[in-house]
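Okay, structure first, notes after.
The values are calculated or read from the model by the stated rules, or taken from the named source; none is laboratory data. Note that the structure is a prediction, hence the values are computed from the model and not measured. Quick reminder, even Gly has a Cβ in these numbers, built from the backbone with ideal geometry, and neighbours come from all protein chains shown. With ligands, DNA and RNA removed, areas are computed over all heavy atoms of the protein, side chains included. Shrake-Rupley method; radii C 1.70, N 1.55, O 1.52, S 1.80 Å.
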Amino acid sequence: VYGQPRTRRPWKKILILVEGIYSMEGSIVRLPEVIALKKKYKAYLYLDEAHSIGALGPSGRGVVDYFGLDPEDVDVMMGTFTKSFGASGGYIGGKKELIDYLRTHSHSAVYATSMSPPVMEQIITSMKCIMGQDGTSLGKECIQQLAENTRYFRRRLKEMGFIIYGNEDSPVVPLMLYMPAKIGAFGREMLKRNIGVVVVGFPATPIIESRARFCLSAAHTKEILDTALKEIDEVGDLLQLKYSRHRLVPLLDRPFDETTYEETED
């Protein structure tokens, strides 16, 4: 806001860097507002879609698709091929001038070798599957299944009384542990029950915001999720992790079904 340090002249280039889904928070970026801000101040927008590409939106095109926005409004789109595509490497999308510049000046493009043909074939096949260009509806079914798994898993954890961060549609589910001593305890107790979990503490998170991070997949069946939830529930009681004062409970005034829930105070 004060301009450049010595001259106080306005900055010529302002770059806004955001993620589609924040990997430790599980929150989805409020992209429409970010794009409005970018247009207002004539800035550039760099969007990291590592966790959202192939996972969000009606056709799996990420956070831009999720909000129904125009990809032209994002100047640099970056993502990975390691998650939804099951391969390795990543991509950067943008205007031709930008891509040409990166090809000639980026160390990873100039000094590294190209991707191997099997990896490229894996990426192309996965992309065709997600886009429905393989002649099947498998991609669409997987995106739908992931969304259902996400909502079910998040809802059940909240019912149990855990504090869960992030957006309801985000397949990255952080379960808050808070106390640093409970990081190792939660990981070990879950491993005893044959479930490996990712536990995260300082410096990846603030020192008193330790968490376990679950990443859901379309390949998870309801039985798998129920097995995991049963063990998480047990360990949550053992380690006293159910900090939430607001639990989701079934409404009792009408017939129960899986979508009949409201938030009530304990």
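For this structure, a couple of remarks:
- Rough spin-label spacing in nm, given labels placed 7 Å along Cα→Cβ, for Arg30 and Lys222: 3.6
- Karplus 3J(HN,Hα) series, Hz, for the range 57-62 with 6.51 cos²θ - 1.76 cosθ + 1.60 (x for Gly, Pro): x, x, 10, x, 8, x
- Contact order for the chain, expressed relative to its length and based on alpha carbon pairs under 8 Å spaced 6+ residues apart, stands at 14 percent.
- Inter-part distance, the range 213-247 to the range 135-197, computed on C-alpha centroids, equals 7 Å.
- Probe 1.4 Å - accessible area at Tyr44, Å² to nearest ten: 100
- For Asp75, the solvent-accessible surface with a 1.4 Å probe is about 40 Å², rounded to the nearest 10.
- The alpha carbon gyration tensor of the range 15-131 gives principal lengths a ≥ b ≥ c with a/c of 1.5 or higher and a/b no greater than b/c, which makes the shape oblate.
- For the range 137-239, the dipole from Cβ point charges (+1 on Lys and Arg, -1 on Asp and Glu) about the Cα centre works out to 160 debye, to the nearest 20.
- Rounded to the nearest 20 debye, the dipole magnitude of the chain is 1300 debye, with +1 charges on Lys and Arg beta carbons, -1 on Asp and Glu beta carbons, and the Cα centre as origin.
- Of Lys96/Lys140; Lys38/Lys95; Lys83/Lys230; Lys192/Lys230, those spanning more than 20 Å from alpha-carbon to alpha-carbon: Lys96/Lys140; Lys83/Lys230
- Gain in span if fully extended, Ile16 to Arg188, counting 0.36 nm per residue against the direct Cα distance: 58.0 nm
- Of all accessible heavy-atom area on the chain, the percent that carbon and sulfur account for (1.4 Å): 57
- Accessible area per residue, Å², the chain with all protein chains present, probe 1.4 Å: 61
- Filtered trypsin sites (Lys or Arg not before Pro), the range 67-163: DSSP coil and at most 12 other beta carbons within 10 Å: Lys95
- Residues Cys142, Cys129 ordered from highest to lowest accessible area at a 1.4 Å probe: Cys142, Cys129.
- Listed residues His220, His246, His105, most fluctuating in the chain (Gaussian network, C-alpha, under 10 Å): His105
- Taking Rg/Rh (Cα atoms, Kirkwood Rh) as calculated from this structure, the corresponding entry among (i) 1.02; (ii) 1.36; (iii) 1.27 is (i).
- By accessible area with a 1.4 Å probe, ligands and nucleic acids excluded, highest first: order of Thr82, Thr104: Thr104, Thr82
- Each Cα pair under 8 Å and six or more residues apart adds its sequence gap; the mean of these over the residue count of the range 15-131 is a relative contact order of 20 percent.
- Around the Cα centre of the range 50-140, unit charges on the Cβ atoms of Lys, Arg, Asp and Glu (plus for the first two, minus for the last two) sum to a dipole of about 260 debye.
- Choice from Glu231, Glu189, Glu33 showing the highest fluctuation, given a GNM over the chain with Cα pairs closer than 10 Å: Glu33
- Dipole orientation for the chain: of the candidates Tyr152, Thr205, Gly57, Thr205 has the Cα lying most toward the positive pole (charges on Cβ; Lys, Arg +1; Asp, Glu -1).
- Residue-by-residue Karplus 3J(HN,Hα) for the range 219-226, coefficients 6.51, -1.76, 1.60, Hz, glycine and proline x: 6, 6, 8, 4, 5, 4, 5, 5
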